[in-house]
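The values are calculated or read from the model by the stated rules, or taken from the named source; none is laboratory data. Worth saying up front: this structure is predicted, and the values here are computed from it rather than measured. Using ideal geometry, Cβ is built from the backbone for each residue, glycine included, and neighbour counts are taken over all protein chains shown.
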Amino acid sequence: MWRRRTLVGYAFVAPVFLFLGVVVLFPLAHAFWTSLLRVRGLSERFVGAENYQRVLGDDAFWHSLGVSLAFTIACVVLHIAIGLAMALLIDELRFARTALRIAFLTPWMVAPAVGATMWLWLLEPQFGVVNYLLQAAGILSAPLPWLGTPKLAFASVVAVDVWRGVPFVMLLMLAGLATIPQEQYEAAAIDGARGWQRFRYVTLPYLRYLLIVASTLDIINTIRHYDIIGVMTAGGPAGATEVLPVLLYNTAFRGNRFGEAAAIGVLLLSIVLAFSVFHIRFTRPEKGAR
């Protein structure tokens with residue numbers, strides 16, 4: 001009877017393992033195997049770790065890694081800061097809260113490629129709405145090439161990613177604010193705590209765990225992000241926005257070096273896995289917890 005129940009249990013979970021094997025494990029194994037090959041058109045040759053040596057010895061990889069880290073740090077810090085501020089604002093409102101939530105969540109509902117295309121038109125130097133509005137307000141005297149210079153292009157893709165990523169953090173912070181007992185704020189008010197003191201000694205301690213979880217998940221999502229930069233700049237100008245996923249794409253489909261591109265993908269996966277391990281260890285319940 002025990003063996004029969006075990007076999008029945010395996011039969012129920014077998015489709016899930018089969019799905020994971022086909023969709024996740026096989027592509028990962030194939031990517032790792034490709035990283036050990038030199039692929040030129042239809043010809044393949046086993047080269048072992050040579051692709052990794054080429055990638056790690058290439059200045060372009062380290063430049064892209066630096067761009068990825070700068071892009072991730074800037075985006076995550078702004079996501080957390082603006083998302084928390086917006087959550088606090090909505091939590092304090094007593095009217096139109098549902099409408100504001102839907103309005104603020106709209107960028108998150110838009111597909112990244114679609115949103116990037118919209119901003120590509122808005123930031124167009126000659127006919128874009130952004131330059132027109134800034135000139136009409138007297139802030140600019142001449143149109144700016146937002147995606148034509150390295151610093152402006154980097155700032156532009158960060159701004160677009162913040163526009164899309166803030167609603168996710170805001171939603172998490174709103175859920176966290178809903179769990180804070182109102183008695184804590186009432187006790188703090190009785191003790192004479194002002195707004196900043198209530199935020200520092202009541203709100204932040206309750207949101208500390210959620211802030212770490214949100215920032216870790218946001219780092220994992222941002223460092224592997226391709227859509228916005230791929231559509232808006234394709235890594236340019238002069239490599240100013242060429243993060244690792246864009247370098248991977250350019251190496252594979254523009255440079256036709258699939259082995260090196262697969263090696264970049266494996267290295268990027270290693271970075272993401274490092275943050276994932278941190279996230280799992282931090283969110284894992286302690287032994288004996290119920």
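In summary, E124 fulfils each of the numbered conditions (1) among the charged types (D, E, K, R); (2) assigned to a loop (DSSP other than H, G, I, E, B); (3) under 29 Å from D91 (Cβ atoms) with the single exception of condition (3).
Before we move on, is G138 among the small types (G, A, S) and either in a helix (DSSP H, G or I) or under 27 Å from M86 (Cα atoms) (or both)?
On the way: among the small types (G, A, S): yes; either in a helix (DSSP H, G or I) or under 27 Å from M86 (Cα atoms) (or both): no.
In short, no.
Applying the selection to region 138-149, what residues are more than 22 Å from T117 (Cβ to Cβ) and surrounded by 14 or more Cβ atoms within 10 Å (Cβ to Cβ)?
Once the filter is applied, which keeps residues that are more than 22 Å from T117 (Cβ to Cβ) and surrounded by 14 or more Cβ atoms within 10 Å (Cβ to Cβ), region 138-149 yields only L140.
Considering (1) under 18 Å from the mean Cα position of the chain (by Cα); (2) over 24 Å from S68 (Cβ atoms), the lone condition that F154 does not fulfil carries the number (2). Here L105 fulfils each of the conditions (1) under 30 Å from D91 (Cβ atoms); (2) of a type in the set (A, V, I, L, M); (3) at pLDDT 90 or above apart from (3).
I'd like to verify a number: residues in region 86-133 that are more than 28 Å from F168 (Cβ to Cβ) and either surrounded by 11 or more Cβ atoms within 10 Å (Cβ to Cβ) or of a type in the set (A, V, I, L, M) (or both), how many?
Qualifying residue count for the region: 3.
Are there any pairs with C-beta distances below 6 angstrom linking a residue in region 142-158 that is over 17 Å from V246 (Cβ atoms) to a residue that is hydroxyl-bearing (S, T, Y) and outside any loop (DSSP other than H, G, I, E, B), with the two at least 6 apart or on different chains, and if so which? Close Cβ pairs satisfying both conditions: W146/S156. All of (1) under 30 Å from K151 (Cβ atoms); (2) of a type outside the set (K, R); (3) surrounded by 13 or more Cβ atoms within 10 Å (Cβ to Cβ) hold for A238 with one exception: (3). For region 172-188, the candidate set comprises residues that are more than 15 Å from Y201 (Cα to Cα) and aliphatic (A, V, I, L, M); within that set, the residue that is surrounded by the fewest Cβ atoms within 10 Å (Cβ to Cβ) is A178. Restricted to region 16-49, and to residues there that are surrounded by 12 or more Cβ atoms within 10 Å (Cβ to Cβ) and assigned to a strand (DSSP E or B), the residue that is modelled with the lowest pLDDT is R40. Going residue by residue through region 56-64, is there one that turns out to be buried (at least 16 other Cβ atoms within 10 Å of the Cβ), closer than 29 Å to V213 by Cβ, touching a residue at least 24 places away in the same chain (Cβ under 8 Å) and of a type in the set (S, T, N, Q)? Yes, because at least one residue in region 56-64 is buried (at least 16 other Cβ atoms within 10 Å of the Cβ), closer than 29 Å to V213 by Cβ, touching a residue at least 24 places away in the same chain (Cβ under 8 Å) and of a type in the set (S, T, N, Q). Taking into account only those residues within region 189-213 that are among the hydroxyl-bearing types (S, T, Y) and surrounded by fewer than 17 Cβ atoms within 10 Å (Cβ to Cβ), which is nearest to T72 (Cα to Cα)? Applying the filter and picking the extreme gives Y209. Picking from P112, P107, P15, which residue would you name as being more than 20 Å from the chain's Cα centre (by Cα) and either without any contact (Cβ under 8 Å) to a residue 40 or more places away in the chain or within 23 Å of F154 (Cβ to Cβ) (or both)? Of P112, P107, P15, the one residue that is more than 20 Å from the chain's Cα centre (by Cα) and either without any contact (Cβ under 8 Å) to a residue 40 or more places away in the chain or within 23 Å of F154 (Cβ to Cβ) (or both) is P15.
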